């Protein structure tokens, strides 16, 4: 130990180099002799060799934590009265109680300014003894305002109102992913644009009411029941002041108005077309992009029975593709690792591959497992392996899997997602992939 005229020796037991350098520099500037120990075992070795006048001890350290070091120090006759200042970010009452049970020590709660440590040393070595205890973070100036971020819902985002294919499902087994059929929304904070009118359209319509009447754009990929069955339950069509523009292909057996409103025939539904109070426009799609404010919507035909398209939204430097029904590489049951963009099997799908090239967010189906697909070839849906291949071939940045099979409950979809990630790793394209669920939102 130092004599009264010698500089006091301080041992810093601290494994975070940035902290130990800052504290040791401050102490040396004030005339202290400092050594640093980077773990608990080295701390005990330095105590024996260096014989410090004060131990400044971090609580969380490698090899031996600070509490173990402190107990060891108190158990040895030569060091049982060694002054100790414990420095820790853990201010839980249980931790502090254990520290104080090891004998009289000071405790500084991190983060703290080195000046506070210097003040503790001055009090100990040069002033009258003071009561030891815990110095909390009270010395840190409070911020002028509390940081309380709120999600900016006016940012561009995609909302998935329905993510099932074929038919809605319900029950406890489907609680996590939901059971509504296909309906997506692209929301810019100004324009709200919908894609498909499955049973998820009902919830989407309810969300429009709070903002009052507005112009809604509804794009239909195709007119199979799971993509249009929500239209009669879309509340805005019954409210004056709303305007709904519906976009669809020309290749349907009937025009898009007849197909959507035909569900409201008196034999099926108690409300007829003439009872609708909103202004409803029906527009045929063509090769020209659709401009809605700053949003551009384009489309490409998919591999699915009937006139079926997928859509791509381009807005504010972000591209989102919505492809719920697409049997990519129809009939192929081989390994996805064998496929390249110039493969003979892939070349016929070149328009879709080019359409999706480099897309930031790919919302694409993978309804069938590879083992189930051979019995469902030609049904118009991709198997999981070929959908994985597509994400790699188009260099998609992120993939949200939709159009979940009604037989796939939450447990089955969890297992399927793990298999998806395994296949993506095997083909050397471990893209970020998640399963869609009803109500899911993805922000730019």
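Numbers below:
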item	result
Semi-axis lengths, Å, the range 194-266, gyration tensor of Cα atoms, sqrt of 5 times eigenvalues	20, 12, 12
For the range 263-340 versus the range 50-110, the gap between their alpha-carbon centres in whole angstrom	66
Peptides 363-375, 389-401, 333-345 ordered by average Cβ neighbours within 10 Å, highest first	389-401, 363-375, 333-345
Label point distance in nm, residue 375-residue 113, each placed 7 Å from Cα along Cα→Cβ	7.4
Rg in Å to one decimal, and Dmax rounded to a whole Å, for the range 174-227 via C-alpha atoms	11.8, 33
The chain - percent relative contact order, Cα under 8 Å, separation 6 or more	11
Computed over the range 25-100, the ratio Rg/Rh where both radii use C-alpha atoms and Rh is Kirkwood	0.96
Estimated [θ] at 222 nm from DSSP helical runs (n ≥ 4, -39500 (n - 2.57)) normalised by residues in the chain, nearest 500	-7000 deg cm²/dmol
The range 337-408 shape via C-alpha gyration tensor axes, a/c threshold 1.5	oblate
Cβ-based exposure ranking for 226, 113, in which fewest neighbours within 10 Å come first	113, 226
Helix 40-50 vs. the chain, principal-axis angle (Cα, 0 to 90°, nearest 10)	20
P(r) histogram, all alpha-carbon pairs of the range 9-139 included - 5 Å bins from 0, percent	2, 10, 24, 26, 24, 12, 3, 0
Values of log10 I(q)/I(0), in the order q = 0.14 Å⁻¹, for the chain under a Debye, Cα-only, solvent-free model	-1.12
Rg followed by Dmax, in Å, when the range 132-251 is reduced to its Cα trace	21.4, 84
Using alpha-carbon coordinates, inclination of helix 66-75 to the longest axis of the chain, degrees	20
Rounded tilt (10° steps) of 384-393 against the dominant C-alpha axis of the chain	80
Counting DSSP beta bridges with both ends in the chain, the antiparallel % (nearest 5)	35
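Laboratory data are not the source of any read-out in this text; all were calculated from the coordinates shown. Predicted, not measured: the structure shown is a model, and the values here were computed from it. For neighbour counting, all protein chains shown are included, and Cβ atoms are generated from backbone atoms with ideal geometry for every residue, glycine included.
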